[in-house]
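K.L.:
Quick one: the structure is below, and I'll ask about it shortly.
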């Protein structure tokens, strides 16, 4: 068998073996991580990706309200947004863009919400089940 033909067969064999491995890696979470969108200093609303490719968290950075946003490539009934917490965590007089930020944790469903003005921290959980989503606990009260 000529050398060029042998190389072509070897290349084809490697390609055939590599394709299932690439699919397996993409299905086990070994995909590239999304990062939050670039923020403008005046951004009131931010979108934070979750490890679920169909779910992002929409934060009102001025008062700490959060919504779970679902998107779809077809006519899914889940597409849209649902509230995680509807109550403002800062009074209107002290609300300003950038006051609150979300931090991802190693748990796919859990994020930490930080108030940059007074150091309060909340544990936030997103879920498709309404009873399991929302602010699940206060982790830190106001700091002096």
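K.L.:
Please tell me if residue 65 is at pLDDT below 50 and under 17 Å from residue 104 (Cα atoms).
P.N.:
no
K.L.:
Going residue by residue through the stretch 88-98, is there one that turns out to be under 21 Å from the mean Cα position of the chain (by Cα), closer than 30 Å to residue 121 by Cβ, modelled with pLDDT under 75 and surrounded by 15 or more Cβ atoms within 10 Å (Cβ to Cβ)?
P.N.:
no
K.L.:
Can you name the number of the only condition in (1) more than 15 Å from the chain's Cα centre (by Cα); (2) at pLDDT 95 or above that residue 127 fails?
P.N.:
Here residue 127 clears every test but (1).
K.L.:
Which one is modelled with the highest pLDDT, of the residues in the stretch 73-85 that are in a loop (DSSP other than H, G, I, E, B) and in contact with a strand residue (DSSP E or B) (Cβ under 9 Å, 6 or more places away or on another chain)?
P.N.:
79
The values are calculated or read from the model by the stated rules, or taken from the named source; none is laboratory data. What you are looking at is a predicted structure, and each value in this text was computed from that prediction instead of being measured. Quick reminder, even Gly has a Cβ in these numbers, built from the backbone with ideal geometry, and neighbours come from all protein chains shown.
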